[in-house]
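The numbers here are math on the coordinates, done by the rules we state, and not lab data. Being a predicted model, the structure only gives us computed values, none of them experimental. Positions of Cβ are backbone-derived with ideal geometry, glycine not excepted, and every protein chain shown enters the neighbour counts.
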Amino acid sequence: MAEMRDRLLRVIPGGAHTYSRGFDVYPSNAPDVMVRGKGCRAWSADDREFVDLAMALASVGIGYAEEAIDEAAIAQIRNGNTASRPSLVELQAAERFVDLVGPVDMVKFTKNGSTAVTAAIKLARAHTGRIKVARCRQHPFFSYDDWFIGSTALKKGIPDAVIENTLMFDFNDLDSLAALVESNPDEIACVVMEPMTVLSPAGLPTADSGPFPLVCRGDIGPGKRTFLHDVQAFCQAHGIVFVLDEMLTGFRWDLGGAQGMLGLEPDISTFGKAMANGFSVACVAGKREVMEHGSIEFSGRERVFLLSTTHGAEMCGLGAFLETVDFSIEHDVTGALWSIGERLVKLVRSKAAAHGLDQHVLAGGQACRPGIMVLDREGRPCDQLRSLMMQEMIAHGVLFGALNPCYRLDEEAFEVISTALDHALPVIDQGLANGVDGLLQGEPVKPVFRQYN
Ligand SMILES: Cc1ncc(COP(=O)(O)O)c(C=O)c1O
């Protein structure tokens, strides 16, 4: 298999089309090349079968190769897959999306989340006449474009003038945002953040407690005033466009997004990932007054060139999106994701406790897409132990790194995960006691956002 990795690295910079699919973010026993997936399972080129808990960077929410969705995509392929003018499925998808997500009046589709979030920045700049962007420091990724990557450790190739225009505030710290506005008066065009990653927004009390509390569906209701509502109100007061990135929460929390569940009304929001169950569909959407900067029917108005790509509305993806929505409604997919994720977290917690590791292997966060932390003896996140855990889970048939549940995660898969945990956790215990030398084969996994290889 090392041969396939070499072939990848020879012809593709990074050896994959996403850095978080790279060989350096997986342990050495991870499969180098995947061949196919079905439901919650995936098969590698070296003929191994895995229960997939990564689910293609959380872009597949229902399951791989879900028949009704594939058929809907194929039907659009048979219709020609593209057209010389807007297609019928493009109109239907836009109307459906606007109906689904309450605060949204208009939507523009694209193939990747990065282009959607960058389009949101452009709209905010056009709307406010301001340049600077305030992005949440704790949220790991918004776009491959320079405005975002310039605010990470990877600044090479990005002009200083671009880097200077992206500022950072802290999650659950409105003062940090206020300080940015004070030192950059009337210069900040927009605030960009996710509703929640591993940290839940202040003001959202959960039934669970402990160092990594689990947020369940029942914890969330529109009546609760959270940090996100404070940010929204702050933005309104200062003429700043509030951009909510729902790439990961959208189509997992609810079909109306986290914004629907929390009762938020962002000016612009962005969606992608699971919205078409793995087909390439993302979008920027929002209030008419902001989105209309990209419109063409107002004669004499200065134009904003908003997302214009040959394949942005590819028909197979939009057919898959429409069927993903129908399927999700019919099967209450988002409801299932909350409960499947909760069960996963409880499994990890009970196994960790049974192996005496409840202070070191922690699962929690949003139940529909939970997180896992592996901590060292001092209670700090530890890449070496995390790598060891990934290695052992992979060795026992679980493609692991995240805990991304899909609707098709079945009983048999839970059995595989449970057995894999029983094998992996004693090895973590040994690693904690004596270090990972002799246990970890190859290099520990590395973070994507590091300056040097
Ligand atoms: C929150 C968030 N926004 C935007 C993106 C970019 O999406 P894409 O990889 O489709 O360009 C990602 C991808 O991981 C993401 O997690």
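Could you work out the percent of alpha carbon pairs in region 67-330 separated by over 25 Å, rounded to a whole number?
46
Please report Rg over Rh for region 294-404, where both radii come from the alpha carbon positions and Rh follows the Kirkwood definition. Don't skip to the end; give the middle numbers.
Values: Rg = 21.9 Å, Rh = 17.9 Å.
Result: Rg/Rh = 1.22.
How many angstrom lie between the Cα centre of region 64-96 and the Cα centre of region 144-216?
For region 64-96 versus region 144-216, the Cα centre distance is 35 Å.
In debye to the nearest 20, how big a dipole does region 300-453 give about its Cα centre with +1 on each Lys and Arg Cβ and -1 on each Asp and Glu Cβ? Show your work: numbers first, answer last.
On the way: 13 positive and 20 negative charges, 127 e Å.
With Lys and Arg at +1 and Asp and Glu at -1, about 600 debye.
Roughly how big is the chain's charge dipole about its Cα centre, with Cβ charges of +1 (Lys, Arg) and -1 (Asp, Glu), in debye to the nearest 20?
Details: 41 positive and 58 negative charges, 147 e Å.
Rounded to the nearest 20 debye, it is 700 debye.
Per residue and in Å³, how big is the convex hull formed by the alpha-carbon atoms of region 106-205? Before the final figure, lay out the partial values.
Working: hull volume 12.7 nm³, N = 100.
Cα convex hull per residue, to the nearest whole number: 127 Å³.
Any idea how far apart R78 and R288 come out in nm if each label point goes 7 Å out from Cα toward Cβ?
Between R78 and R288, the label points sit 3.8 nm apart.
Mind checking which of V35, V11, A274 is farthest towards the positive end of the chain's charge dipole, using Cβ charges of +1 (Lys, Arg) and -1 (Asp, Glu) about the Cα centre?
The Cα lying farthest towards the positive end belongs to V11.
What does the convex hull of the Cα atoms come to per residue for region 170-260, in Å³?
Working: hull volume 9.0 nm³, N = 91.
Measuring per residue, one finds 99 Å³ for the Cα hull of region 170-260.
Restricting to Cα pairs below 8 Å that are 6+ residues apart, what does the relative contact order work out to for the chain? Please round to a whole percent.
Numbers: 872 pairs, mean separation 103.0, N = 453.
Averaging sequence separation for qualifying contacts and normalising by length gives 23 percent for the chain.
Once all Cα-Cα distances of the chain are split into 10 Å bins that start at 0, what whole-number percent is in each one?
4, 20, 30, 28, 14, 3, 0, 0
Please give the helix 333-354 orientation as an angle from the longest Cα principal axis of the chain, in degrees from 0 to 90, rounded to the nearest 10.
Around 30 degrees separate the two axes.
Convert each backbone phi in region 371-376 into a coupling constant with the Karplus relation 6.51 cos²θ - 1.76 cosθ + 1.60 (shift: θ = phi - 60°), then list the ³J(HN,Hα) values in order as whole Hz, x for Gly and Pro.
Couplings: x, 9, 10, 10, 10, 7 Hz.
Give the percent of DSSP beta bridges with both residues in the chain that are antiparallel, rounded to the nearest 5.
About 50 percent, rounded to the nearest 5.
Measuring from a point 7 Å past the Cα of Q138 along Cα-to-C-beta, which residues in region 229-243 have an amide N at less than 16 Å?
229-232
Expected output is a single nm value to one decimal: the length gained when fully extending between N434 and T18, i.e. 0.36 nm times separation in residues minus the C-alpha distance. What is it? Intermediate results must be reported in sequence, preceding the final value.
Details: separation 416, 0.36 × 416 = 149.76 nm, distance 3.44 nm.
Between N434 and T18, full extension yields 146.3 nm more.
Please list 247-257, 268-278, 413-423, 14-24 highest first by mean number of surrounding beta-carbon atoms within 10 Å per residue.
The densest-packed peptide leads the list: 268-278, 247-257, 413-423, 14-24.
Determine by what factor the alpha-carbon radius of gyration of region 368-453 differs from 2.2 N^0.38 Å, reporting the quotient. Write down the numbers at each step before the final one.
Values: Rg = 13.8 Å, N = 86, 2.2 N^0.38 = 12.0 Å.
With N residues counted in region 368-453, Rg over 2.2 N^0.38 Å equals 1.15.
Could you compute how fast region 270-325 diffuses translationally, taking Rh as the Kirkwood radius over C-alpha pairs and applying Stokes-Einstein at 37 °C with viscosity 0.692 mPa s? Give it in µm² per second. If you can, show how the numbers build up before the last one.
Numbers: Rh = 12.9 Å.
Reported coefficient: 255 µm²/s.
Between T110, G294, F305, whose Cα lies farthest towards the positive end of the dipole of region 67-330 when Lys and Arg beta carbons carry +1 and Asp and Glu beta carbons carry -1, centred on the Cα centre?
Most positive-ward Cα: F305.
Angle check, please: helix 174-183 long axis (alpha carbons) against the longest principal axis of the chain (alpha carbons), in degrees 0 to 90, nearest 10.
Roughly 50 degrees, rounded to the nearest 10.
Relative to the longest principal axis of the chain, what angle (0 to 90°, nearest 10) does the C-alpha long axis of helix 227-237 take?
20
In debye, nearest 20, what is the charge dipole magnitude of region 67-330 about its Cα centre with +1 on Lys and Arg Cβ and -1 on Asp and Glu Cβ, if you could check? Don't skip to the end; give the middle numbers.
Details: 22 positive and 34 negative charges, 100 e Å.
For region 67-330, the charge dipole is close to 480 debye.
Calculate one ³J(HN,Hα) per residue across region 17-33 by plugging θ = phi - 60° into the Karplus curve 6.51 cos²θ - 1.76 cosθ + 1.60, and present them in order as whole Hz with x for glycine and proline.
Per-residue couplings from phi come out as 9, 9, 4, 7, 9, x, 5, 7, 9, 10, x, 5, 8, 5, x, 7, 9 Hz.
As an exercise, use a Förster radius of 45 Å and the Cβ-Cβ distance of Y452 and V98 to find the FRET efficiency, rounded to the nearest 0.05.
Working: r = 45 Å, r/R0 = 1.00.
That pair, Y452 with V98, gives E of 0.50.
Which value in deg cm²/dmol, rounded to the nearest 500, describes the helix-derived mean residue ellipticity at 222 nm for the chain, given -39,500 (n - 2.57) per DSSP H run of n ≥ 4 and division by the residue count? Before the final figure, lay out the partial values.
Values: 15 runs with 170 residues, N = 453.
Here the helix-only value at 222 nm equals -11500 deg cm²/dmol.
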